[in-house]
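Okay, structure first, notes after.
The values are calculated or read from the model by the stated rules, or taken from the named source; none is laboratory data. All figures in this text were calculated on a predicted structure; none of them were measured in a lab. Every residue, glycine among them, receives a Cβ derived from its backbone with ideal geometry; neighbour counts consider all protein chains shown. What goes into the accessible areas is simple: the full protein's heavy atoms, side chains included, and nothing from ligands, DNA or RNA. Shrake-Rupley method; radii C 1.70, N 1.55, O 1.52, S 1.80 Å.
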Amino acid sequence: MFEKGSFRPVQSTKLVDDVVNQIQHKISTGTILPGDKLPPEPELMQLFNVGRSTIREAVRVLVHAGLLEKKQGFGTYLKSSPLIQEPLTHRLLRAELIEVFEARKMIELEIARLAALRHDDTDLSNMRNHLDTRNMALQKNDRELYAKSDIEFHMAVAMASKNAVIIDLYRTFTFILSDAMSKLNRNYSSHDPQSDYHEQVYESIKNGDPDQAVQCTLSILNGTLSEL
C-alpha cells in the first residue's frame, strides 16, 4: 500500500494539492482500505519528498473532507465508512484534468441523449443563438467570445435535458474545465473547433434522434480529449 515508489515525489507549486490528490486516488481505487493506518509523518515526508507542514496540511484537508480521522496517540486512519463531505468543486479542482474530463464525458453523453428526447422550442432557440455566436466569433477571430459561446452552447444542451441534478453537475464540471478549454480554444494553430459536429449535435437534438446526438457528442469529446 505505502511502499517506496508507490507515490510520485511532488514538484509542483501546489504541493498540498498534489499530496492530497495522490492519497485520495489510492482511497478511491481501494489501495487504501477503510480502517487502514497511514504511515507516520516522517515516512510520508520521505515518500512525497516534502516538508512536515505540507503533510500536515494534506492530512488536515482529508480529515475535513471526511475521509481520514486522527486518533490521538495512535495515528491517522481511513474512516471505516469514508464519505466525501467537501464541495464537489473543491474535489474537482484537485483532480487530474484528464480524470475530470473523463467524468464529464460520461455525463455529457447522457445529456445529449436526454436533450434529444426532452428539448423544447426555447432550448432549440438558445442552442441556435449560441451556435450562431460561436460561428461569428470564429469568423472574426474573437477567441474570448468563441470560448464563451462554445461553453454556453453545451450548457444550453444540458438545460434541454430537463434533469436538474445533471444540469448542476454539468455546470460544476464546466466551471472547472473552462480555463483549460479556453486555452485550447485560443490555440487555433492546433485546436479544431469541430463546427460541423456541433451543428450535427444541434440537428440531432432538433430531430429528436438520441442515438445520433450521442454519436456526434462523442466525436466532439474524443477530439477534445486528444488535445488535452
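Remarks
- Placing S161, S195 in order of accessible area, with the largest value first and a 1.4 Å probe, yields S195, S161.
- Theoretical FRET efficiency, 1/(1+(r/R0)^6), r = Cβ-Cβ of L145 and R171, R0 25 Å, to 0.05: 0.80
- Surface accessible to a 1.4 Å probe, R128 within the full protein complex, Å²: 60
- Bridging of K79 to lysines at a Cα separation below 25 Å is possible for K4, K26, K37, K70, K71, once same-chain residues fewer than 8 apart are set aside.
- When the chain is treated as a GNM with alpha-carbon contacts under 10 Å, the residue of V100, V201, V165 showing the greatest mean-square fluctuation is V165.
- With a Förster radius of 30 Å applied to the C-beta separation of S178 and F74, the computed FRET efficiency comes to 0.10.
- For M155, the accessible area of its heavy atoms, probed at 1.4 Å with every protein chain present, is near 30 square angstrom.
- Segment T29-A103, length gained on full extension (0.36 nm per residue, minus Cα span): 25.1 nm
- When the solvent-accessible area of the chain is split by element, carbon and sulfur atoms take up 51 percent of it, the probe being 1.4 Å.
- In the assembled protein chains, F175 presents an accessible area of approximately 130 Å² (probe radius 1.4 Å).
- Full extension of the chain between E199 and S53 yields a length gain of 47.4 nm, computed as 0.36 nm times the residue separation minus the alpha carbon distance.
- Overall, the chain carries a charge dipole of about 980 debye about its Cα centre when +1 sits on the Cβ of Lys and Arg and -1 on the Cβ of Asp and Glu, all other atoms neutral.
- The chain: calculated mean residue ellipticity at 222 nm from DSSP helix runs of at least 4, using -39500 (n - 2.57): -22000 deg cm²/dmol
- Put S149, S219 in order of accessible area, highest first, and with a 1.4 Å probe you get S219, S149.
- Accessible surface calculations at 1.4 Å, restricted to protein heavy atoms, place the chain at 54 Å² per residue.
- Sequence of D150, D211, D132, D18 when ordered by accessible area, the most exposed leading, probe 1.4 angstrom: D211, D132, D18, D150
- Positive dipole terminus of the chain, leading residue within G73, L97, L38 (C-beta point charges): G73
- Once each of the GluC sites (Glu not before Pro) sitting in a DSSP loop with at most 12 other beta-carbon atoms within 10 Å is removed, the chain keeps 97-228 as its longest stretch.
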